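J.: If you scroll down you'll find the structure; I have some questions about it.
The values are calculated or read from the model by the stated rules, or taken from the named source; none is laboratory data. Here the structure is a predicted model, which means the values were calculated and not measured. Glycine gets a Cβ as well: all are built from the backbone with ideal geometry, and neighbour counts include every protein chain shown.
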Amino acid sequence: MAGATNSCRGQSFTWCRLDGRALQLGDVVIVGAPWGTGAGWFPDPGDSGGLRWWNGTSWTSDMYQPPESASPRQPSASVPANSPGLVARHPVWAVTALLAFCAIGIAVTAINLPKAWDHAVGPSRQAGREYALRWIKAQEAAGRADELSKSDVEWRCSAEAFRVGSKGTDLSNGTHLAPGRLMRGEFINACTDEAMKHIGRTV
């Protein structure tokens, strides 16, 4: 950096010290000094492998050389320094365990979902079939069963679905279908199918 000039107390010099004095011939300047840090022991910038005292503005001649037997502290052999985590060391096992967990969840769901669906749908379908049989028998007794069209049956089943949905009903097997628990679409479909089948017409 020859030629770079700095002003030291109003004068122009090639190099200045931190204390504001110009560098004199014979001053030792070691590159890498911890400028701006407080006094203390720092690694020797002369690469001696030891420590050298920094007084806060310059290096002193005080040196400390650690004994040859001393070595930097190493982590214990049981825990490697840059050891990856369990998943990173054994990715195949981690992926296999995750897939097994997912497969078990899917299997449990696949086994129980039809039962849950039947539990929800079954009573609604049963109520629809039972109502259709009662209504068709009443229509036959009155001599009107042959005059019924599919739209007549659907309309009657829809009206009954809204009534049963809001008031509930008791089924022949002793089950009580509480208000608000009826699946109207399932009730209407089962009611219509059963009524049309009973009067001998296809749906």
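J.: Need pairs with beta-carbon distance below 6 Å; first residue closer than 17 Å to Arg134 by Cα and within region 160-183, second exposed (fewer than 14 other Cβ atoms within 10 Å of the Cβ); sequence gap 6+ or separate chains.
T.: Qualifying pairs under 6 Å: Gly168/Ala178; Gly168/Pro179; Asp170/His176.
J.: Could you list, in sequence order, all residues of region 165-203 that are β-branched (Val, Ile, Thr), modelled with pLDDT of 90 or more and within 18 Å of Ala138 (Cβ to Cβ)?
T.: We begin by selecting, within region 165-203, every residue β-branched (Val, Ile, Thr); these are 169, 175, 188, 192, 199, 202-203.
Still in the running and modelled with pLDDT of 90 or more: 188, 192.
Of everything in region 165-203, just one residue is β-branched (Val, Ile, Thr), modelled with pLDDT of 90 or more and within 18 Å of Ala138 (Cβ to Cβ), namely Thr192.
J.: Among what's in region 173-197 and is among the charged types (D, E, K, R) and within 42 Å of the chain's Cα centre (by Cα), pick the residue that is surrounded by the most Cβ atoms within 10 Å (Cβ to Cβ).
T.: As a first pass, look at region 173-197 and keep what is among the charged types (D, E, K, R): 181, 184, 186, 193-194, 197.
Still in the list and also within 42 Å of the chain's Cα centre (by Cα): 181, 184, 186.
Details: Arg181: 14, Arg184: 16, Glu186: 19.
Ranking the candidates gives Glu186 first.
J.: Say we look at region 44-85 and pick out the residues that are at pLDDT 80 or above and aromatic (Phe, Trp, Tyr); which of these is surrounded by the fewest Cβ atoms within 10 Å (Cβ to Cβ)?
T.: Here the answer is Trp53.
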